[in-house]
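The values are calculated or read from the model by the stated rules, or taken from the named source; none is laboratory data. From a predicted model like this one, the values you see are computed outputs, not experimental measurements. Quick reminder, even Gly has a Cβ in these numbers, built from the backbone with ideal geometry, and neighbours come from all protein chains shown. What goes into the accessible areas is simple: the full protein's heavy atoms, side chains included, and nothing from ligands, DNA or RNA. Shrake-Rupley method; radii C 1.70, N 1.55, O 1.52, S 1.80 Å.
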Amino acid sequence: MNAREVALNVINEVEVNGAYANIALAKEINRRMSHGQLSDQDRRLITELVYGTVKAGNTLDWMLNQYLSRPLAKVAPVIRNILRMGIYQLFFLERIPASAACNQAVELAKKYGHAGTVKFVNGILRNAARSPEKIAYPDRNNEPVKYLALKYFHPEWLIERWLGRLGLTACEALCQCNNSTPPLALRTNTVKTNRNLLLKQLAEEGVTCEPSVWTPEGIVCSGHPGLGTLKSLQEGLFQVQDESSMLVAHILGPQPGEFIIDACGAPGGKTTHIAALMGNTGQVLSTDIYEHKLIITRENAARLGLTNITTQALDAVNLGGMFPRKADRVLVDAPCSGLGVLRRKPDSRWRKSAAMLKDLPKLQSSILNSAAECVKAGGILVYSTCTTEPEENQEVVSAFLHSHPEFSLTQTGQYLPGQQRPDDMLQLWPHTDGVDGFFIARMERQA
C-alpha cells in the first residue's frame with residue numbers, strides 16, 4: 001500500500017465514519033511504521049495529504065464543481081475523496097508534478113471503483129490540470145467573506161465574526177496562520193532534568209529545536225523523527241504541550257505543599273505541569289467527567305515520575321459541594337469551542353458552529369461558579385480556554401466577577417513567566433503571538 005492509499009484510507013475514516021483526523025492519522029502511521037511499512041518521507045507525504053485535503057474540504061469541493069457536470073454529492077464518497085486529494089495536489093502542492101497527481105488518482109480509482117469511475121477521475125483531474133484558470137476566487141474587497149472562506153479554507157460564519165472584530169488584513173493573517181503547520185512544542189519535565197540537558201539530548205536524537213521565549217521549560221521543534229522513537233520521551237523527560245498552554249500553570253502560580261484542583265484536568269498536560277512546579281510535593285487533584293481520559297493523565301504522571309497527582313472522575317459542576325474552601329488554588333481550563341487551535345486540528349473548523357457560542361458559555365459559567373466554591377480565602381482561581389471568542393472568555397469572567405464580589409481580577413499579564421504584559425485578562429492570538437490562541441484570567445478570593 002503506497003502513501004497516497006494510506007492517506008485516502010485516513011481521509012475516508014474522517015469523512016465517512018466521523019473520525020478525528022489527528023487521531024486517525026497517528027494511529028495509522030504508528031501502526032505501519034512499527035511494521036517498517038513506511039519511510040519518513042512517506043510519513044510526511046501522508047500527513048500533508050490528509051491534513052491538507054481535510055482542511056481544504058469546502059474549497060476543494062468548490063474547485064471540483066468548476067469541472068463537474070453533475071453534483072459532487074452524487075459521487076461515491078471514496079471517489080469523491082480521490083478527486084479531492086488529486087485537486088489538492090494539483091493546486092496546492094507545487095512540488096508534485098501534475099502527471100503524478102493524476103496518474104496516482106487513476107490507480108486508486110482502479111482499485112476502489114470501476115472502469116467508468118476510472119475514466120471519470122482521469123477526465124476531471126486532467127481537465128483541471130489543463131485549465132487551472134477556471135478557478136477564480138471572489139473579489140477580496142467586494143466579497144471579503146467568500147474570498148477569505150474559499151482562499152483560506154474557513155467556514156463563512158467564522159470569517160464573518162473575525163472580520164467584524166479584526167478587520168480584513170488581520171483576519172486574513174489569522175486565516176493564513178491557521179493553515180500553517182505549527183511547530184511541535186515540548187515542556188521539559190523539571191522533576192527529572194533541565195532544559196539545557198534536554199536540548200542537548202534531543203539534538204543527539206535528531207531533533208532540531210530551540211528554547212521557547214515564552215516559558216522557561218518550553219522547547220520548540222522545527223524538525224524531528226517520529227516521537228515514539230525518542231528515548232527522551234520514553235524516559236519521561238518531556239511532555240508535548242503548546243507554549244500558550246504552558247503559561248497557564250505559571251499564571252496559577254502553584255507553590256510546594258499546596259492542595260490544588262485542576263477542574264477539567266484530563267489528559268493531564270496542565271496537571272502534570274502544576275505538579276512539577278510544586279516540586280512533586282503537595283497534592284494536585286485532577287478531575288474530569290470521563291474516566292478513560294483520566295487514565296491518560298495517570299499514564300502521563302507515571303511516565304514523568306510525578307507522585308503528587310490524584311485523579312477523580314466527576315462532573316466539575318459539582319466540585320463546590322465536594323471540596324468547599326479546601327483548595328489553595330483552582331484551575332478551570334474549561335471545555336470550549338477550540339477556535340484558538342484550528343491549525344492543530346485540520347478537521348475541527350468544519351465541526352464547529354455558531355450555536356456552540358450560545359451553549360458553551362452556560363456550561364463554562366456553571367463549572368467556574370462551582371470551582372470557585374473550592375477556593376480558600378486568599379486563594380487563586382484561574383480560568384482558561386483555547387479559544388478566541390469573547391462569549392467564552394471575557395464575558396464569562398465578567399459575569400462571574402459581577403456575581404461574586406468576593407473575587408477580584410488580578411493583572412493576569414503580570415504573572416507571565418517571560419515578558420510581562422499589562423493585560424487584566426490575557427488573550428493570545430496565533431497570528432500576532434505565534435502560539436495557539438489562548439485566554440487566561442487570574443482571580444483572587446478576598447474572603
Hey, what angle do you get for helix 195-204 against the long axis of the chain, alpha-carbon based, 0 to 90 degrees rounded to 10? 30
One finds, for ARG31 and ALA447 with R0 = 56 angstrom and r their Cβ-Cβ distance, a FRET efficiency to the nearest 0.05 of 0.50
Counting only heavy atoms of the protein chains, get the accessible area per residue of the chain (1.4 Å probe) and round it to a whole Å² value. 42
Of all beta bridges DSSP finds with both residues in the chain, what is the antiparallel percent, to the nearest 5? 55
Cysteines without a disulfide-compatible partner [the chain; Cβ-Cβ under 4.7 Å]: CYS102, CYS171, CYS175, CYS177, CYS264, CYS336, CYS374, CYS386
When the accessible area of the chain is computed with all protein chains present and a 1.4 Å probe, what percentage of it is carbon and sulfur? 51
Per-residue HN-Hα couplings for the stretch 62-67, Karplus 6.51 cos²θ - 1.76 cosθ + 1.60 at θ = phi - 60°, whole Hz, x for Gly and Pro? 4, 5, 4, 5, 6, 10
What are the lysines whose alpha-carbon lies under 17 Å from the alpha-carbon of LYS111, with same-chain residues fewer than 8 places away excluded? LYS119
Considering every Cα-Cα pair within the chain, what fraction, in whole percent, is farther apart than 35 Å? 36
Packing-based ranking, highest mean first, of 414-424, 157-167 given that Cβ atoms within 10 Å are counted: 157-167, 414-424
Evaluate the charge dipole of the stretch 132-214 about its Cα centre and quote only its size in Debye, nearest 20, assuming +1 on the Cβ of each Lys and Arg and -1 on the Cβ of each Asp and Glu. 320
Net charge of neighbours whose Cβ lies under 12 Å from the Cβ of LEU426, counting Lys and Arg as +1 and Asp and Glu as -1: -1
Percent RCO, i.e. relative contact order, over the chain, from Cα pairs under 8 Å lying at least 6 residues apart: 12
Distance violations [Cα-Cα > 21 Å] among LYS293/LYS362; LYS151/LYS352; LYS151/LYS358; LYS146/LYS352; LYS192/LYS231; LYS293/LYS345: LYS293/LYS362; LYS151/LYS358
For a paramagnetic label modelled at 7 Å from the Cα of GLN41 toward its Cβ, which residues of the stretch 96-123 fall within the zone defined by backbone nitrogen distances under 16 Å? 96-97, 100-101
Only Lys, Arg (+1) and Asp, Glu (-1) charged, at Cβ; the stretch 298-447 dipole about Cα centre in debye: 400
Residues whose built amide H sits under 5 Å from the amide H of ASP333, excluding neighbours closer than 5 in sequence, are ALA263, CYS264, SER384
Once you sort the root eigenvalues of the Cα gyration tensor of the stretch 235-312 as a ≥ b ≥ c, which label holds: rounded (a/c under 1.5), prolate (a/b larger than b/c) or oblate (the other case)? rounded
Taking the dipole of the chain about the Cα centre (Lys, Arg +1; Asp, Glu -1; charges at Cβ), the one of LEU342, ILE440, ILE309 that reaches farthest to the positive side is LEU342
Positive minus negative residues near ASN178 (Lys, Arg vs Asp, Glu; Cβ under 13 Å): +4
Calculated FRET efficiency, ASN127 and ALA377, Cβ-Cβ r, R0 45 Å, to nearest 0.05? 0.05
Taking 238-251, 5-18 and ranking on average Cβ neighbours within 10 Å, highest first, one gets 238-251, 5-18
